[in-house]
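Engineer: Please read through the structure below; I'll follow up with questions.
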Amino acid sequence: MNSAVAHSEHLIERLPEVRGRLSAGASLAKVTWFGVGGPAEVLFKPADADDLAHFLKHKPADVPVTVIGVGSNVLVRDGGVPGVVVRLGRGFASILVNKADVIVGAGALDGNVALAAMQADVSGLEFLSGVPGTIGGALRMNAGAYGAEMKDIVIGAVALDGDGNRHELSAEDLGFSYRKSTVPADWVFVEAHLRGFAGQVEDIRARMDDIRLAREDSQPLRTSTGGSTFKNPEDHKAWQLIDEAGCRGLRIGGAQVSEKHCNFLINHGTATASDIENLGEEVRKRVKATSGIDLTWEIRRIGVNVEGDGA
């Protein structure tokens with residue numbers, strides 16, 4: 001048994017008993033869209049919100065917790081993630097539509113929520129079909145696409161704080177701004193209350209078809225990527241700044257700036273997390289040199305680098 005595995009198993013022994021699953025040294029590359037990165041020291045898949053609350057309340061105070069959804073907008077560094085990585089799964093994927101109100105678990109896929117709303121003749125949520133990931137991540141970053149964002153449809157949310165206490169949050173409490181919420185970083189979203197408006201399924205389906213076609217036409221959907229890499233600076237488009245800096249197609253190792261949409265970084269199959277992060281930083285450097293603008297990462301980077309990494 002190597003020291004890393006032994007350390008992970010020792011950590012599990014220190015954690016409270018749960019109804020969900022705890023796994024030592026679990027691969028995160030297999031559950032993230034980039035397909036890179038080191039393991040979680042311990043991966044926890046809670047059975048439901050009560051199981052997660054119990055865990056947060058009773059875990060040792062020195063154990064860090066990192067939450068991920070389906071790994072669509074996250075880059076796990078090559079050294080892996082210390083402490084416990086919480087992955088919200090089926091116990092958090094419920095979708096309940098009541099007239100124009102949609103109550104969803106934070107682990108529900110954005111696209112599935114859009115589809116359920118369409119099937120119930122609820123409009124206003126179509127844009128979620130163009131947002132990769134889960135509702136929890138969408139809440140955290142006020143995700144948006146195609147002219148709408150979460151702040152337009154969120155009535156409230158439920159979150160657990162770092163001690164497992166439950167908080168009912170209003171839309172105002174969420175503090176939404178561009179790709180940001182002011183909810184503390186260690187709080188875990190477990191549920192959202194969304195509201196659309198009455199529509200016709202044919203019109204809703206047509207709008208979702210338009211979004212699908214627009215994505216297929218403009219984004220590298222059939223590659224290993226993490227979605228939009230950088231936030232749009234005020235009054236600018238990140239992709240345009242990247243293009244003007246001559247970065248379209250730029251490569252480091254197995255990572256490349258997409259030639260189809262240059263605000264996407266792609267893994268050609270041999271990239272390390274360090275390749276991807278270093279490529280992103282090189283893009284930031286070149287954009288700064290040509291435009292004077294500092295690009296801000298939209299992709300969430302977690303974990304630690306291995307010794308010798310330049311990221």
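The values are calculated or read from the model by the stated rules, or taken from the named source; none is laboratory data. These figures come from a predicted structure and were not determined experimentally. Cβ: placed from backbone, ideal geometry, glycine included. Neighbour counts: every protein chain shown.
Engineer: Identify, please: which residue in the range 164-218 is on the phi > 0 side of the Ramachandran plot and in contact with a Ser or Thr (Cβ under 9 Å, 6 or more places away or on another chain) and is, among those, surrounded by the most Cβ atoms within 10 Å (Cβ to Cβ)?
Structural biologist: Arg179
Engineer: Can I ask one more? Need the failing condition index for Gly246 against (1) in contact (Cβ under 8 Å) with a residue 24 or more places away in the chain; (2) surrounded by fewer than 23 Cβ atoms within 10 Å (Cβ to Cβ); (3) within 21 Å of Thr223 (Cα to Cα), just the number.
Structural biologist: Of the numbered conditions (1) in contact (Cβ under 8 Å) with a residue 24 or more places away in the chain; (2) surrounded by fewer than 23 Cβ atoms within 10 Å (Cβ to Cβ); (3) within 21 Å of Thr223 (Cα to Cα), the odd one out for Gly246 is (3).
Engineer: On to the next question. Would you mention how many residues in the range 255-284 are of a type outside the set (A, V, I, L, M) and not in a helix (DSSP H, G or I)?
Structural biologist: 13
Engineer: In addition: Out of (1) out of contact with any Lys or Arg (no Cβ under 6 Å at 6 or more places or on another chain); (2) free of Cβ contacts under 8 Å to residues at least 60 places away in the same chain; (3) assigned to a loop (DSSP other than H, G, I, E, B); (4) surrounded by 21 or more Cβ atoms within 10 Å (Cβ to Cβ), what's the single condition that is false for Val287?
Structural biologist: Failed condition: (3).
Engineer: Does His261 qualify as being farther than 21 Å from Val81 by Cβ, surrounded by 15 or more Cβ atoms within 10 Å (Cβ to Cβ) and either small (Gly, Ala, Ser) or modelled with pLDDT under 95 (or both)?
Structural biologist: Taking the combined requirement at face value, the residue satisfies it.
Engineer: On the basis of being surrounded by fewer than 22 Cβ atoms within 10 Å (Cβ to Cβ), under 18 Å from Leu75 (Cβ atoms), within 21 Å of the chain's Cα centre (by Cα) and of a type in the set (Gly, Ala, Ser), does Ser274 make the cut?
Structural biologist: no
Engineer: Confirm whether Leu52 is within 21 Å of Ala108 (Cα to Cα), surrounded by 14 or more Cβ atoms within 10 Å (Cβ to Cβ), outside the structural domain of Ile266 (by TED's automatic domain parsing) and in contact with a strand residue (DSSP E or B) (Cβ under 7 Å, 6 or more places away or on another chain).
Structural biologist: So Leu52 fits the description; yes.
Engineer: I'd like the residue in the range 55-82 that is of a type in the set (Val, Ile, Thr) and more than 15 Å from Asp161 (Cβ to Cβ) and, out of all such residues, is surrounded by the fewest Cβ atoms within 10 Å (Cβ to Cβ).
Structural biologist: If we take residues in the range 55-82 being of a type in the set (Val, Ile, Thr) and more than 15 Å from Asp161 (Cβ to Cβ), then Val63 is surrounded by the fewest Cβ atoms within 10 Å (Cβ to Cβ).
Engineer: A follow-up question, please. Given the criteria at positive phi and not in a helix (DSSP H, G or I), does Gly107 qualify?
Structural biologist: no
Engineer: Here is a further query. Taking the conditions exactly as written (in the same structural domain as Lys30 (by TED's automatic domain parsing), under 15 Å from the mean Cα position of the chain (by Cα), modelled with pLDDT under 95 and of a type outside the set (A, V, I, L, M, F, W, C)), does Gly71 satisfy them or not?
Structural biologist: It is true that Gly71 is in the same structural domain as Lys30 (by TED's automatic domain parsing), under 15 Å from the mean Cα position of the chain (by Cα), modelled with pLDDT under 95 and of a type outside the set (A, V, I, L, M, F, W, C).
Engineer: Looking at (1) in contact with a Cys (Cβ under 9 Å, 6 or more places away or on another chain); (2) under 22 Å from Tyr178 (Cα atoms); (3) of a type outside the set (A, V, I, L, M), can you tell me which one Pro233 breaks?
Structural biologist: (1)
Engineer: Can you tell me which residue among Val102, Val85 is outside the structural domain of Gly196 (by TED's automatic domain parsing) and buried (at least 24 other Cβ atoms within 10 Å of the Cβ)?
Structural biologist: Val85
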